[in-house]
Amino acid sequence: MNDRTMGVSDPLDVTRRYFLGRGAAVGVGAMALSSLLGKHSGYPEAGASDNVPHFAPKAKRVIFLTQSGGPSQLELYDHKPGLVDLAGQKLPDSVRNGQRLSDMTKGKPQLVMPAHSVFRQWGKAGATVSEWLPHIGGISDELCFIKSMVTDQINHAPAMTKFLTGHHLTGRPSMGCWFSYGLGSENQDLPDYLVLLSKMKRGSDQPLYDHYWGSGFLPSEYQGVKLRSAKDPVLYLNDPQGLPRNLRRGMLDGLKDLNAMRQQKTGDPEIEARIQQYEMAYRMQASVPELTDVSDEPESTFELYGPDSRRAGSYAANCILARRLAERGVRFIQLFHPDWDHHSRLRSWCTARCRDTDQASAALIKDLKQRGMLDDTLVIWGGEFGRSPAGQGKWDSPEGGRDHHPRCFTIWMAGGGVKSGFSFGATDDYSYNAVVDPVHVRDLHATVLHLMGIEHEKFTFRSQGLDFRLTGVEPARVVHEILA
Amino acid sequence: MDNHWDLKHLVKRILTSRTYQQDSAVSAELLGRDPDNRLLARGARFRLPSWMIRDASLAASGLLNRTVGGPPIFAYQPPGVWQDQFMGRFTYQSTLGPGQYRRTIYTFWRRSSAPTFLFDSAMRRTCEVVPRRTNTPLHALTLLNDVAALEAARKLAERAGEGFGKSPHEKGGTDVVLKTMFQLVLNRPPAQRELSVMKREQRKALAYYRENHEAARTFVSVGQLPTVPVGIEADLAANMLIASLILNLDESITHE
């Protein structure tokens, strides 16, 4: 401790507050209580905007199909046939325009590598989608492509953090937490924000950090709850063996009675919140197994989502769970599928990821539509950045790959108030720069908030003396052109 | 500052002050006048951080191993946690023997996989000045079903039932056992109405376990605690359930 730290803040004050716990217990308790009542505003210290949603939402819930690692827009969606003629030529400096490269390809020749895949036009709208994604191509009339996505970050963790929280450093709430905080739950038996990770057939090289669904400065009751792809989808969910359900109920009744007596004596509202959380835990013990037990699904479900959907924890199985969560009114459902990071052997690795995800992603859209749920469910498919038109390794070999690329990438959305059979934005002839209607990550955030009935500039949370918002401090815009 | 920035001195000064040692009970009038307790007219009331909850329940049950120093121990973790994180490149085996009951500060920890029972631990990615004190259903599930918490419950029940032989309940020891468990955890005797709630639930459990000895045996066979002798499992299971209830009380996990 020195004079400099003293100048910044008063450490004695922090220490005293830490030990004395100040009013936080009361404040947090009141907030927890209000959240259980399904209303998150009315907590003045939090700085939450009142009246969320601000207007009638188009989407009631979001399913975010996060493709982690940076899927190649060049192989999948952004068709650049002209690159065939430029194959092996140096990427012009006028195109690259000083763009920083990652350490992997810095100082190496940037030679154009045309797409390894074959494209065709699909459906009535004639969307251009790779033949590596036949199922997604087959439902492209339902989709809204954004081919001019832009981010600022060139490495995975900061780029994914940016994509999900609006900032490349950790410590901000993920998008789902904002919705949990602002809109609460339609289902009192499940958390508002659930996260599902694909269980890969071989070990994944890519970490999925838990701050990707972390609540940052929001109270951590809003953090995403990760369902595990294991026997117990929620840790500690199962009562110990030898304890029947009625005795658990009795034990919790006794706990409730004694806690209520204590609350009378101490006047601490945190106790009431705790009683409610124990009751939620009890309800989750019933609701979570019912959710994850797919034995009540007809055979046709598994046929729709593909053979991998029978493997617990697979992307396809998680897509079925996502639909079941949506049916149960969960606000924000986020899947993560890793290993889209194809620096080499792009042809074999990228097609493998396509096989993992193509049929199930398309099945989810079809399934939601046939159940009449697509209209008020927003589905988002996308990763943290795109890939470079220059080859990494040998550009003319099947062993070739592509390095990270932040200046353009493609995502798609469906349902929930966006246009269908629509493509927005465009890149230059190299798929290097987004030149027509660029959509920055923060514009996407503003748009998703808008679809959920929230004005992004009014939806804030006060932390460390600042009113934070998902879209950050730089100008962000709702992309009205893609709204239905 | 007068004591050369001695933090220990400062902490001791705070802890031994009359202000810090005040009762945290609050009247509606006082709550209205000073909701944030800025004037320090009452003691602070806050939930213990999760590591302290584990240590406190181990201490109350008599399981705590107070050895100082040495290598870390591998606390109980639900199956699959480490497999998910490390895809088989690291095998986690929980510590057998007294090491398991060491203070939580000795628990093995990797930043990518913090011990799961520490439900409010800092992420250890960015600097955090104050630990979060959250209140979620996942905490409740942890404190209800974690192996360490259940072992502490059984041990607490055994400790309170010492001297009664096979069945404290047949020897009129029910009240004594319940009062002892309550006292060991909360450092105060239960009020009459608190005792009657515990007796109510204990009677239900005892009735069930006397009819279902196998269930009782399964329930008390937790973690690495020794097998219980035949004949005592029903009484022990019923007491263990109430011990778990007491350890889950808001008062048990809260600084008052």
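Residue B:244 meets each of the listed conditions (1) under 18 Å from the mean Cα position of the chain (by Cα); (2) modelled with pLDDT of 95 or more; (3) surrounded by fewer than 23 Cβ atoms within 10 Å (Cβ to Cβ) apart from (3).
Among the conditions (1) within 15 Å of residue A:227 (Cα to Cα); (2) surrounded by 18 or more Cβ atoms within 10 Å (Cβ to Cβ), residue A:174 misses just one, which is (1).
Of the residues in region A:297-316, how many are in contact (Cβ under 8 Å) with a residue 24 or more places away in the chain and surrounded by 15 or more Cβ atoms within 10 Å (Cβ to Cβ)?
Restricting attention to region A:297-316, the residues satisfying the condition of being in contact (Cβ under 8 Å) with a residue 24 or more places away in the chain are A:301, A:304-306, A:308-309, A:311-316.
Filter once more, keeping what is surrounded by 15 or more Cβ atoms within 10 Å (Cβ to Cβ): A:301, A:304-306, A:308-309, A:312-316.
Qualifying residue count for the region: 11.
The set of residues from region B:193-231 being more than 7 Å from chain A (Cβ to nearest Cβ), surrounded by 14 or more Cβ atoms within 10 Å (Cβ to Cβ) and among the β-branched types (Val, Ile, Thr) comprises B:220, B:228. Out of B:133, B:124, B:110, one residue alone is modelled with pLDDT under 95 and within 9 Å of chain A (Cβ to nearest Cβ). It is B:133.
Residues that are in contact with a strand residue (DSSP E or B) (Cβ under 6 Å, 6 or more places away or on another chain) and in a loop (DSSP other than H, G, I, E, B) are absent from region A:170-188. Screening the candidates A:410, A:357, A:351 for the property of being within 21 Å of residue A:134 (Cα to Cα) and surrounded by fewer than 22 Cβ atoms within 10 Å (Cβ to Cβ) yields one hit, A:351. Looking at region B:13-40 only, could you name the residues that are surrounded by 13 or more Cβ atoms within 10 Å (Cβ to Cβ), among the aliphatic types (A, V, I, L, M) and either more than 8 Å from chain A (Cβ to nearest Cβ) or in a loop (DSSP other than H, G, I, E, B) (or both)? B:25, B:26, B:30, B:40 - these are the residues of region B:13-40 that are surrounded by 13 or more Cβ atoms within 10 Å (Cβ to Cβ), among the aliphatic types (A, V, I, L, M) and either more than 8 Å from chain A (Cβ to nearest Cβ) or in a loop (DSSP other than H, G, I, E, B) (or both). Filter region A:160-190 down to residues that are of a type outside the set (S, T, N, Q) and touching a His at 6+ places or on another chain (Cβ under 7 Å) and give me whichever is farthest from residue A:437 (Cα to Cα). Here the answer is A:184. Note on region B:41-58: among residues that are small (Gly, Ala, Ser) and over 21 Å from residue B:242 (Cβ atoms), the one that is nearest to the other protein chains (Cβ to nearest Cβ) is B:44. Has region B:42-64 got at least one residue that is over 23 Å from the mean Cα position of the chain (by Cα), farther than 21 Å from residue B:185 by Cα and not acidic (Asp, Glu)? Yes, region B:42-64 has at least one match.
Of the set (1) β-branched (Val, Ile, Thr); (2) surrounded by 22 or more Cβ atoms within 10 Å (Cβ to Cβ); (3) more than 8 Å from chain B (Cβ to nearest Cβ), all apply to residue A:294 but (2). Residue by residue through region B:2-12, note down the ones that are over 27 Å from the mean Cα position of the chain (by Cα) and at the interface with chain A (Cβ under 9 Å from one of its Cβ atoms). Listed by number, the residues that qualify are B:5, B:7, B:10. Take the residues in region A:189-215 that are farther than 29 Å from residue A:355 by Cβ and free of Cβ contacts under 8 Å to residues at least 60 places away in the same chain; name whichever of them is farthest from the other protein chains (Cβ to nearest Cβ). Only one residue fits best here, namely A:215. Could we say that residue B:234 is at the interface with chain A (Cβ under 10 Å from one of its Cβ atoms) and small (Gly, Ala, Ser) here? Spelling it out, it is not the case that residue B:234 is at the interface with chain A (Cβ under 10 Å from one of its Cβ atoms) and small (Gly, Ala, Ser). Taking region A:219-270, which residues are of a type in the set (A, V, I, L, M), within 30 Å of residue B:218 (Cβ to Cβ), at the interface with chain B (Cβ under 7 Å from one of its Cβ atoms) and in a helix (DSSP H, G or I)? A:247, A:251, A:255, A:258 - these are the residues of region A:219-270 that are of a type in the set (A, V, I, L, M), within 30 Å of residue B:218 (Cβ to Cβ), at the interface with chain B (Cβ under 7 Å from one of its Cβ atoms) and in a helix (DSSP H, G or I).
I need the full set of residues from region A:271-286 which are facing another protein chain (nearest Cβ under 7 Å) and touching a helix residue (DSSP H, G or I) at 6+ places or on another chain (Cβ under 6 Å), in order please. Result: A:271, A:273, A:277, A:278, A:280, A:281, A:284.
Within region A:403-416, is there a residue that is assigned to a helix (DSSP H, G or I), modelled with pLDDT of 95 or more and in contact with a strand residue (DSSP E or B) (Cβ under 6 Å, 6 or more places away or on another chain)? No; the residues of region A:403-416 include none that is assigned to a helix (DSSP H, G or I), modelled with pLDDT of 95 or more and in contact with a strand residue (DSSP E or B) (Cβ under 6 Å, 6 or more places away or on another chain). Do we have residue A:324 as surrounded by fewer than 21 Cβ atoms within 10 Å (Cβ to Cβ) and within 26 Å of the chain's Cα centre (by Cα) here? Yes, satisfied. Counting only residues that are in a helix (DSSP H, G or I) and within 11 Å of another protein chain (Cβ to nearest Cβ), which one in region B:59-84 is farthest from residue A:227 (Cα to Cα)? That would be B:83. Look at residue B:248 and say whether it is at the interface with chain A (Cβ under 7 Å from one of its Cβ atoms) and not small (Gly, Ala, Ser). So residue B:248 passes the test.
The values are calculated or read from the model by the stated rules, or taken from the named source; none is laboratory data. Computed from a predicted structure; not experimentally measured. As a convention, Cβ positions derive from the backbone with ideal geometry for all residues, glycine included, and neighbour counts pool all protein chains shown.
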